[in-house]
Amino acid sequence: MAARSQRIAVVVPTFNAGALWGAWLAAMKGQTCVPDVVLVIDSGSSDDTVLLARQHGFTVREIEQRHFDHGGTRQSGVDALADIDIVCFLTQDAILADADALALLVRCFDDDHVGVACGRQLPRHGANAIEAHARLFNYSAVSAVRRFADRERLGLRAAFCSNSFAAYRRSALEAVGGFPRNVIFGEDMWVAARILKAGWSLCYCAEASVVHSHGYTASQEFSRYFDIGVFHATEHWLIEDFGRVSGEGARFLRSEIKYLLPRAPWLIPLMLWRTLLKLTAYRLGLLSRHFPNGINRRLSMNKNYWRRMDKAE
């Protein structure tokens, strides 16, 4: 565990956290590494999210839903925690897998070169084979430390990071200007890439894990990949500075077929169809600048982004 001379905070944005929230709160209260602050930033929940957070003794900041922004809202949490050295982020549906999860992630910062750390994400109970494979492929059981030079072999994957379970050294975050405001998606990869470029390391800690996966519908998956395409199109410096992940899509597809064949071969046609759907959505996202914002808003998962774009015009 990091020395307690380092002050640690956990920040979690919430909106109608629902049935999983009780498990999230219990897992956080059971950590061997007790954070100095747990800050819940709630954007207009109508269920018991805020009430339960306060009952557990956590700090709650309430904002209007229309003001939520993936990067800006998280940065507002960092700004509100001026005396914190390490800021950890979770999402409301990412359940710490065991009592040492937070301690193991924070321990990464014992290395003074580490500016950002992220943990492993495990498939939720009841996940089908397609959903489970996505987590097992993207979140290896082997820990690794990545640097800017690793882009030569990993491309953009060198900056892979997820704020579903990630932590940042405050000084590293401040050195790159903090989280971006008004990006559609990927504020975690955006800032991790900047931190790598600034000379810090990124630690992937497979021993620190959360249970977190999504059973997206086809429509939700389409919208998610459309937003990824928009992100890569608008933040083109990421591809310019890191390069594409050469052959990653083909490698994922081969791995998925190999995983499904002995477990759920009947899902392979669905998987192939959804792969085509994701590719189409991503390509449309890359071309989004040519579409009216009204069309983009319909295709996107992040509707607020396009509403703000309408107001900016």
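Nothing in this text is a laboratory measurement; each read-out follows from the coordinates by a stated rule. Everything quoted here is computed from the prediction, not taken from an experiment. All Cβ positions, glycine included, derive from the backbone under ideal geometry; neighbour counts span all protein chains shown.
The table for this structure:
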item	result
Reciprocal mean inverse distance between Cα atoms of segment 72-129 - Kirkwood radius, Å	13.7 Å
Normalised contact order of segment 1-74, rounded percent, pairs of Cα under 8 Å and 6 or more residues apart	35 percent
Relative contact order [Cα under 8 Å, 6+ residues apart], the chain, whole percent	20 percent
Scattering curve values for segment 1-98, log₁₀ I(q)/I(0), Debye with Cα scatterers, q = 0.18, 0.19, 0.21, 0.25 Å⁻¹	-0.81, -0.91, -1.10, -1.47
Estimated dipole of the chain in Debye, rounded to 20 [Cβ of Lys and Arg +1, of Asp and Glu -1, Cα centre]	920 debye
Kyte-Doolittle at least -1.0, axis length at least 20 Å by Cα - qualifying DSSP helices, the chain	218-234, 248-263, 268-286
Cα-Cα separations in segment 218-312 greater than 22 Å, expressed as whole percent	39 percent
Relative contact order %, segment 218-312, counting alpha carbon pairs below 8 Å whose residues are six or more apart	52 percent
Radius 15 Å from Cβ of residue 284, net charge of other residues (Lys, Arg +1; Asp, Glu -1)	+4
Amide H partners (placed H, <5 Å) of residue 97, local residues excluded	209, 210, 211
For the chain, fraction of C-alpha pairs farther apart than 32 Å, in %	26 percent
Built amide H within the under 5 Å cut-off of residue 17, gap 5+	49
Top positive-direction residue, dipole computed over the chain with Cβ charges, set 91, 105, 219	219
Dipole-positive endmost among 166, 8, 231 within the chain (Cβ charges, Cα centre)	231
